[in-house]
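Heads up: the structure comes next, in structure tokens.
The values are calculated or read from the model by the stated rules, or taken from the named source; none is laboratory data. In this text the structure is predicted, and so the values were computed from the model without any measurement. Cβ coordinates were reconstructed from backbone atoms using ideal geometry, including for glycine residues, and neighbour counts include every protein chain displayed.
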Amino acid sequence: MQLGIRLHDTKVCPIEERLGIVREQGFSCVHMALSKTEGLHYEDAALTPGYAMYLKHIFQQAKVDIAVLGNYLNLGHPDFREMVKIRKKYTAHLRFAALLGCGMVGTETGAPNKDYHYDKEACHSREALELFINNIRPVVKDAENLGVILAIEPVYRHIVWNPGRAREVLDRIGSPNLQIIFDPVNLLDPDNVDHKDEVIEEAMELLCDDIAMVHLKDYVIENGNLRGVGCGEGEMDYSAIVGFMKEKKPFIQATLEETRPETAVFSKNVIEQL
């Protein structure tokens, strides 16, 4: 596998210096969310070919790949007029990814409300799934036209909350440009954490062919809630996940999450030692 890190989890400093630190710490790629990374522009109007070439050259000089360009707007938004605006932003990111030479735009799957809050009954309903599929279909068409993968990340607290739902979305959309970001911890919740091995095994089995990259983090349970932490700081056993990546996904890019500048190398070592 090729290990990377979220760019916005690195030390806040000019982009050239950030990438130097990423490389010095032994990472080969980053998850770049423009809106979350201080010092980078993310407005649609700023995503020009010139800006893409500027960033592309900086990354090439640092010998760091952009594994995925993150854009986390609500694809479950129930208002059609808002979805027109949201689709425009996804199209801008897909186009920018193509110019950057980044093959993938990553996103989560939203909630069927305006403020993106978790309502278990609503988020896990069939109605929410139908809304999401209708909303994402034209975005996937844009991805096809631009030659970029749109990768969705199943999350327990969102609309696509388990491996079965993710498989249904993939099959119903039926596009080679729609794939999966596999984040094992995001499939977990206090509701199902006692059966985490079965949940993760089901995801690896059902989604194997369509997993385009992996997110790696750990978790702890605090006051009845599940909280993400850096690899090696919680309760996860990564043996099966690392084995899956080595056997089924050679050279896949996997980015660490929930790290801090002072803990990134520790979390990297936890995974590499496996």
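Quick notes on this one:
- Scope the range 104-130; condition crowded, with 19+ Cβ neighbours inside 10 Å and either within 21 Å of Met213 (Cβ to Cβ) or among the charged types (D, E, K, R) (or both); matching residues: Met104, Val105, Gly106, Thr107, Glu108, Thr109, Gly110
- Selection of the range 112-137 for residues being under 17 Å from Pro163 (Cα atoms) and either touching a residue at least 24 places away in the same chain (Cβ under 8 Å) or not small (Gly, Ala, Ser) (or both) yields Lys120, Cys123, His124, Arg126, Ala128, Leu129, Glu130, Phe132, Ile133.
- Within the range 1-46, considering residues that are assigned to a loop (DSSP other than H, G, I, E, B) and of a type in the set (S, T, N, Q), the one farthest from Ser239 (Cα to Cα): Thr37
- Considering the conditions (1) without any contact (Cβ under 8 Å) to a residue 40 or more places away in the chain; (2) surrounded by fewer than 16 Cβ atoms within 10 Å (Cβ to Cβ); (3) over 17 Å from His158 (Cβ atoms); (4) not small (Gly, Ala, Ser), Asn225 is excluded by exactly one of them, (3).
- Residue match in the range 47-58 (condition: surrounded by 15 or more Cβ atoms within 10 Å (Cβ to Cβ), closer than 27 Å to Val169 by Cβ and touching a helix residue (DSSP H, G or I) at 6+ places or on another chain (Cβ under 9 Å)): yes
- Screening Gly39 on (1) modelled with pLDDT of 95 or more; (2) out of contact with any strand residue (DSSP E or B) (no Cβ under 9 Å at 6 or more places or on another chain); (3) surrounded by fewer than 16 Cβ atoms within 10 Å (Cβ to Cβ) shows it passes everything except condition (1).
- Pairs where the first residue, in the range 71-83, is farther than 12 Å from Gly110 by Cα and the second is surrounded by fewer than 21 Cβ atoms within 10 Å (Cβ to Cβ), C-beta under 8 Å, 6+ apart: Asp79/Lys114; Glu82/Lys114
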